[in-house]
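Worksheet: the structure to be examined is printed underneath.
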Amino acid sequence: RDLHSFPTRRSSDLGPFDSGSAIYANSVNNVHAVQGCIYTKYWRDEGEATGQLGFPTSDEQVIPGGWVSYFQGNGCTSGERGPSSSGSAIYATSVSNVHSVRGCIYTKYWRDHNGPAGILGFPVTDELPIAGGWASYFQGAFCGPEPGPGGSGSGIFASGATGVHSVKGCIFTSYVRDHGGPAGHLGFPTSDEIPITAGAVSYFADNPCGSWRGPFNSASAIYAGPG
C-alpha cells in the first residue's frame, strides 16, 4: 500500500491547508505529484519547490523495499543528471525512514552504486554537514558488531579537497568506530574501496608522515583481509 495510507501518520505531519499530498508544476511537461511521507519530508524539511531540491521531476515510484521521488535541484557541479533528469531524490522505506540524497553525493549514489538497489541500500540519514565537507549514511554493506550513524553500514563522504568517495563494509565499521570517521585523524577518504589480493583497502587524507603521500594522495589507509 502507499506510504500515505500508513495509520501511524500524525496530524502534525500534514502540510499546508491540512494537505497530505500536492501536485507541482513549472511547465506543461513537468507536472508531478508528491505524496505521503515523501511529501511530508519535502515541505517540512526541504522547503518544497523553493528549497534546494527544487521541483519534482517524477511522481512517487514504488521500488523494491520502498519508494522514491526525484527532484531537479541541487545537482553535482559535474552536471550529470540521475533518473528522471534528477539532481536529488527522497527515498522512503517506512514512516520513520525517509531521507534525501542530493548534490555530488547523490550523483555518486546513483551512478556508481545503483542507488538503493545496489550494495549501499537505502539512506538512513540526510546529507550531514561536517567539518570540511558532507556525509550521507546508508543501510547496506553492514559489517558488525556496531552500526554507524543512523544504523548505517556504509557512507558516502564529500569534500572539496578529496572528492566524493564511499566507504563500506568492515572498513566502514573500523573507520567510524575506531577512527572517528571524517572528523577523526584519518580525515576524508581519497578513494573508494579497492579490491586487493585476499582483501580490500580504502585510502584516507590525513595523519601524514611529513610530506609523504601514498596512492590517491593518501596519508593513511584501512586494510581488510581474511578473517
The correct ranking of Cys170, Cys209, Cys104 by accessible area at 1.4 Å, largest first, is Cys209, Cys170, Cys104
Using a 1.4 Å probe, how large is the accessible area of Lys41, given in Å² and rounded to the nearest 10?
10
Sequence-distant or interchain residues sharing an amide H contact under 5 Å with Ser58, placed H: which?
Tyr70
What relative contact order, as a whole-number percentage, does the chain give when Cα pairs under 8 Å and 6 or more residues apart are counted?
9
When every alpha-carbon pair in the range 166-205 is counted, what percent end up more than 13 Å apart?
47
Along the charge dipole of the chain, Cβ charges K/R +1 and D/E -1, which of Gly169, Ala22, Ser84 sits furthest on the positive end?
Gly169
Residues of the range 33-189: accessible area per residue with a 1.4 Å probe, Å²:
36
Mind telling me which of Val167, Val34, Val95 comes out most flexible in a GNM of the chain, alpha-carbon contacts under 10 Å?
Val95
Tell me, what % of the accessible area of the range 101-222 is carbon and sulfur with a 1.4 angstrom probe?
58
What are the equivalent ellipsoid semi-axes of the range 87-219, built from the alpha-carbon gyration tensor (square roots of five times its eigenvalues), in whole angstrom, biggest first?
24, 16, 14
Accessible surface of Asp112 in the full protein assembly, 1.4 angstrom probe, to the nearest 10 Å²?
70
If each part is reduced to its alpha-carbon centroid, the range 53-93 and the range 105-152 end up apart, in Å, by 16
Rolling a 1.4 angstrom probe over the protein chains, ignoring ligands and nucleic acids, what is the accessible area of Arg81 in square angstrom, nearest 10?
100
Specify which residue in the list Gly225, Val124, Ala158 is farthest towards the positive end of the charge dipole of the chain, using unit charges on the beta carbon of Lys, Arg (+1) and Asp, Glu (-1), about the Cα centre.
Gly225
Rank Gly87, Gly140, Gly47 by mean-square fluctuation in a GNM of the chain with C-alpha springs under 10 angstrom and give only the top-ranked residue.
Gly47
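The values are calculated or read from the model by the stated rules, or taken from the named source; none is laboratory data. Keep in mind that this is a model prediction, so the values were computed, not measured. All Cβ positions, glycine included, derive from the backbone under ideal geometry; neighbour counts span all protein chains shown. Calculation scope for accessible area: heavy atoms of the full protein, side chains included, ligands and nucleic acids excluded. Shrake-Rupley method; radii C 1.70, N 1.55, O 1.52, S 1.80 Å.
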